[in-house]
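Data block below; observations after.
The values are calculated or read from the model by the stated rules, or taken from the named source; none is laboratory data. Keep in mind it's a predicted model, so treat the numbers as computed, not measured. Backbone-built Cβ (ideal geometry, glycine too); neighbour counts: all protein chains shown.
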Amino acid sequence: MTSSDGLAVYERAFEPLWPSELVKSYFALVLASKSQKQFSDELRAKLAADPGDLRDAARLFYLYQQQGQLDSARTVLNSYREQKDARGAAWSADELATLARLLESVQDDPEAARYDFALASDHATPGSEQKGLVGLTRILLAAPEQPLRVAFVLVPFILLASVRNLALPPRPDSGVLVLISARVKKSGNDGRVVRGFLQRSWALIDLATLQSLR
């Protein structure tokens, strides 16, 4: 099989949320056969003709992400959203979940949380509420030092879970509290660190509860 044949296989099979190893292999083949500008121009022409093509938007996103050009990668997704909103097109659960994970991969946690929030608000698509909640909780676990607006987004859904009698624990278990106490003392009692570890402990409990409902 030639490199062109291999690239054709990747092109046909491409999915926006491929594992990072597959994405890396795919773009190694792409950039071995054409320049970044050439591939970027090709993808932008396709998106101009069909701005709702999420697979091509994801390809363009990864083209920049794989080169470490994270601001340009974020701009691709912002443009996709703006085009979609301008057309008045409805968002599918798959689109919301995909953009949330892509933005999370370039450390844009507040923006990723917005998409997870929208996903958790989708009461019509089975599994969307839980998937959005899991995404929000994962962001808190990965980046507890993020501004409280991310945690604030999660609060209504924690309350909703309580109303639905999902038996969320009232506080972190003793093992988590011991860990937090030890880390806070080591940190010199920095208020931001305290807040971060408290957010992380609650997120651990919320995530465990959500996963137990699957």
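Of all residues in region 100-132, count the ones that are among the small types (Gly, Ala, Ser) and more than 9 Å from the chain's Cα centre (by Cα).
So the count comes out to 7.
Quickly run through region 56-85 and pick out the residues that are surrounded by fewer than 15 Cβ atoms within 10 Å (Cβ to Cβ) and closer than 14 Å to PHE39 by Cα.
GLN67
Search region 22-50 for residues that are more than 15 Å from LEU7 (Cα to Cα) and pair each with any residue that is at pLDDT 95 or above and of a type in the set (Gly, Ala, Ser) when their beta-carbon atoms are under 9 Å apart and the residues are at least 6 apart or on different chains.
Between residues of region 22-50 that are more than 15 Å from LEU7 (Cα to Cα) and residues that are at pLDDT 95 or above and of a type in the set (Gly, Ala, Ser), the close pairs are LEU43/ALA57; LEU47/ALA57; LEU47/SER79.
Pick from GLU111, GLU95: which is crowded, with 16+ Cβ neighbours inside 10 Å, in contact (Cβ under 8 Å) with a residue 40 or more places away in the chain and of a type in the set (Asp, Glu)?
Of the residues listed, the single one that is crowded, with 16+ Cβ neighbours inside 10 Å, in contact (Cβ under 8 Å) with a residue 40 or more places away in the chain and of a type in the set (Asp, Glu) is GLU95.
Do we find that ASP85 is out of contact with any helix residue (DSSP H, G or I) (no Cβ under 8 Å at 6 or more places or on another chain) and within 28 Å of LYS131 (Cβ to Cβ) in this structure? Steps first, please.
Values: out of contact with any helix residue (DSSP H, G or I) (no Cβ under 8 Å at 6 or more places or on another chain): yes; within 28 Å of LYS131 (Cβ to Cβ): yes.
Criteria met by ASP85.
Out of all the residues in region 19-30, which are within 25 Å of the chain's Cα centre (by Cα) and part of a helix (DSSP H, G or I)?
Passing the criteria: SER20, GLU21, LEU22, VAL23, LYS24, SER25, TYR26, PHE27, ALA28, VAL30.
Every residue, every condition in (1) more than 17 Å from GLN107 (Cα to Cα); (2) aliphatic (A, V, I, L, M); (3) not assigned by TED's automatic domain parsing to the domain that holds LEU99, yes or no:
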{"position": "THR2", "(1), (2), (3)": "yes, no, yes"}
{"position": "LEU7", "(1), (2), (3)": "yes, yes, yes"}
{"position": "GLU21", "(1), (2), (3)": "yes, no, yes"}
{"position": "ALA32", "(1), (2), (3)": "yes, yes, yes"}
{"position": "PHE39", "(1), (2), (3)": "yes, no, yes"}
{"position": "ASP53", "(1), (2), (3)": "yes, no, yes"}
{"position": "LEU70", "(1), (2), (3)": "no, yes, yes"}
{"position": "ALA73", "(1), (2), (3)": "no, yes, yes"}
{"position": "ASN78", "(1), (2), (3)": "no, no, yes"}
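Taking only region 51-78 into account, find how many residues are touching a residue at least 24 places away in the same chain (Cβ under 8 Å) and more than 16 Å from VAL23 (Cα to Cα).
Residues in region 51-78 being touching a residue at least 24 places away in the same chain (Cβ under 8 Å) and more than 16 Å from VAL23 (Cα to Cα): 4 in total.
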